[in-house]
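> Quick one: the structure is below, and I'll ask about it shortly.
The values are calculated or read from the model by the stated rules, or taken from the named source; none is laboratory data. What you are looking at is a predicted structure, and each value in this text was computed from that prediction instead of being measured. Cβ coordinates were reconstructed from backbone atoms using ideal geometry, including for glycine residues, and neighbour counts include every protein chain displayed. For the accessible areas, the whole protein counts, side chains as well, though only heavy atoms, and no ligand, DNA or RNA atoms are used. Shrake-Rupley method; radii C 1.70, N 1.55, O 1.52, S 1.80 Å.
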Amino acid sequence: MAITDVKKLCDDIQKNNNVKKRVLKSENGEVYIIYVKQLCDINLLSEHIIRPIQHYWQKNDNKINAEFALGSIITADDCTLTDDEDKIREKVLSGMVVVLFLGDTTAIEVNLKKVEKKSPDASEINYSIWGGKDSFTENLDSNLSLIRYRIKDPSLKLDMYTVGRRTKTMLLMAYIGDVANEEYVNTIKKRIEKIDIDGILESAKLQWFLNDKKLALFPQAGLEQRSDIACSAMLEGKIVLLLDGSGIALILPKLLIEFLWSDDDECDNIYFGIFSKLLRILSVFLSATITSFYMALTGFHAGALPTVYSMMIASGRAGVPFSVVTEVILIEVLIEILRESLLRVPRSIGSAMGIVGGIVIGQAAVEAGIFSPVVLVLAALSLMSSYIVPDYNLTNAVRMIKFVLIFLTAFFGLFGLVCGLFLLALMLISDTSLKTPYFAPYAPFSAIDAIKGIFTNKYLSVKRPDFLKTKNKIRQKKQE
């Protein structure tokens, strides 16, 4: 809707919106400046808009309009013309300064935003020994500077969107145009355009609208705080999404095996990197299955164990008033309660609670005969194994799978455990992340990518993974 009445438009925006209005009057006309005081840099407003206009009127008797003021008076660098009343309302509430001229149908939008922000700090959810320590903040401009600082390629694409009917939150989609798969880019664009909700204030909540399956158990998008890892993902052909007000980036697509890789794997000695990858795979499997295997072997298939081990386990369970199934479920629930409580309490008392919960309660429970020592050791091993995953987003899925396998084993023994693992494999093979097979490169199987993924460093590989279907498959020139 075009501007018809400047005074009415200013009064309408100012009403009930905590918007400030400054009116500059002269014999040659009136200028209306509307802005939100809390989001605007008042010093820059005075320096680049108010003083230049007043200084011009002192020396000239000519009437001024938006087009002339933009080119000859206003000294701010980020300003544009607009004639849409709806966009003017939106821009003012988002922190822009709008300058209107009485009798003119065009206004000037000036970006003088001043948003309180913190400086880039070390990541709290993606820790590693090597690599940069700066991480994304809640300010989109700061995050954009971190990306441009690391990637100077002219093919870098930075597409801006607005999500949320009421919040009008800015969303940045970053990718490298001549590398990223065009199908990925178009799919995300369509899904963003379909978002119709009052507001999204956290990027982790945004992933719900971008997932291939809304009720998928395993995460389909990577959550990343470190800017260097996000840029590395873009170099691989992936897409990074950053929401204004959130310090966490979304990386799409993100496959199951990639949740187990750490940036340290590419920085350490290649052999230690291979060892670390294999150790994480084993740890995740143990975290999900070790207590279920114990239940199956001791409660249903005790004859499968050597006599010595059977006698040792039996002596350890002497005096325990519960069955193996009840014992395992109780201790796993207790551990989950301790884990959740440690996440919610202040850091200053978190370590103390961990000591009390892990050592004092555990030791007291064993001495009281509530739990056997073997079960306590296995449950602790399951807990510690879950923390080895670099991306905590995957840990929650493994926790849920562990309880599903425990209950299947409790009802059907080892047969239930095997069936549960088989159904889990089917689920992972059928899942996708941005229409990319979630279990790639192992299903569908690609021998080259499967071997490279574990037994080599990506910086020793000439080509990018085939399952990403990038436009440019060459990562680097072949070394002589």
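> Please note which strands (runs of 3 or more DSSP E) are completely contained in the stretch 1-110 and include at least 3 residues that are in contact with a strand residue (DSSP E or B) (Cβ under 9 Å, 6 or more places away or on another chain) and under 26 Å from Asp141 (Cα atoms).
Of the strands (runs of 3 or more DSSP E) lying wholly inside the stretch 1-110, those with at least 3 residues that are in contact with a strand residue (DSSP E or B) (Cβ under 9 Å, 6 or more places away or on another chain) and under 26 Å from Asp141 (Cα atoms) span 29-35, 79-82, 97-101, 107-110.
> Answer yes if at least one residue in the stretch 338-352 is open to solvent by 70 Å² or more (accessible area, probe 1.4 Å), within 22 Å of Met295 (Cβ to Cβ) and modelled with pLDDT of 75 or more, and no otherwise.
No, that holds for no residue.
> So which pairs qualify, if the first residue must be in the stretch 436-461 and under 14 Å from Leu255 (Cα atoms) and of a type in the set (Asp, Glu), the second must be in a loop (DSSP other than H, G, I, E, B) and at pLDDT 85 or above, the Cβ gap must be under 6 Å, and the two must be at least 6 apart or on different chains?
If the second residue must be in a loop (DSSP other than H, G, I, E, B) and at pLDDT 85 or above, the pairs left are Asp449/Pro441; Asp449/Pro465.
> From the list Phe467, Phe439, which one is under 30 Å from Lys189 (Cβ atoms) and part of a loop (DSSP other than H, G, I, E, B)?
Phe439
> Just checking, does the stretch 435-450 include any residue being within 25 Å of Gly299 (Cα to Cα) and modelled with pLDDT of 90 or more?
no
> Listed residues Val360, Val366, Val404; which is part of a helix (DSSP H, G or I) and modelled with pLDDT of 90 or more?
After applying the criteria, what remains is Val404.
> Which condition breaks for Ala397 when tested against (1) at pLDDT below 90; (2) under 17 Å from Ser287 (Cβ atoms)?
The failed condition is (1).
> Give me a count of the residues in the stretch 258-307 that are open to solvent by less than 30 Å² (accessible area, probe 1.4 Å) and among the acidic types (Asp, Glu).
Total satisfying the criteria: 2.
> Restricting the search to the stretch 276-303, which residues are touching a residue at least 12 places away in the same chain (Cβ under 8 Å) and of a type in the set (Gly, Ala, Ser)?
Answer for the stretch 276-303, where residues must be touching a residue at least 12 places away in the same chain (Cβ under 8 Å) and of a type in the set (Gly, Ala, Ser): Ser276, Ser283, Ser287, Ala288, Ser292, Ala296, Gly299.
> Of all strands (runs of 3 or more DSSP E) completely enclosed by the stretch 131-247, which ones contain at least 3 residues that are closer than 26 Å to Thr395 by Cβ?
The strands (runs of 3 or more DSSP E) meeting that bar are 222-224, 239-243.
> Follow-up. For residues in the stretch 48-95 being under 14 Å from Tyr32 (Cα atoms) and touching an Asp or Glu at 6+ places or on another chain (Cβ under 7 Å), which is most open to solvent (accessible area, probe 1.4 Å)?
Asn65
> Need the failing condition index for Asp466 against (1) open to solvent by less than 20 Å² (accessible area, probe 1.4 Å); (2) over 23 Å from the mean Cα position of the chain (by Cα), just the number.
Among (1) open to solvent by less than 20 Å² (accessible area, probe 1.4 Å); (2) over 23 Å from the mean Cα position of the chain (by Cα), Asp466 violates only (1).
> If you go through the stretch 192-208 one residue at a time, do you hit one that is surrounded by 22 or more Cβ atoms within 10 Å (Cβ to Cβ), out of contact with any strand residue (DSSP E or B) (no Cβ under 9 Å at 6 or more places or on another chain) and either among the hydroxyl-bearing types (Ser, Thr, Tyr) or within 30 Å of Ser385 (Cβ to Cβ) (or both)?
There is no residue in the stretch 192-208 that is surrounded by 22 or more Cβ atoms within 10 Å (Cβ to Cβ), out of contact with any strand residue (DSSP E or B) (no Cβ under 9 Å at 6 or more places or on another chain) and either among the hydroxyl-bearing types (Ser, Thr, Tyr) or within 30 Å of Ser385 (Cβ to Cβ) (or both).
> Related question: Enumerate the helices (runs of 4 or more DSSP H) found wholly within the stretch 254-341, keeping only those where 1 or more residues are among the polar types (S, T, N, Q) and touching an Asp or Glu at 6+ places or on another chain (Cβ under 9 Å).
The qualifying helices (runs of 4 or more DSSP H) are 270-295.
> When you check Ile406 against the structure, is it open to solvent by less than 20 Å² (accessible area, probe 1.4 Å) and not small (Gly, Ala, Ser), yes or no?
Against the criterion (open to solvent by less than 20 Å² (accessible area, probe 1.4 Å) and not small (Gly, Ala, Ser)), Ile406 qualifies.
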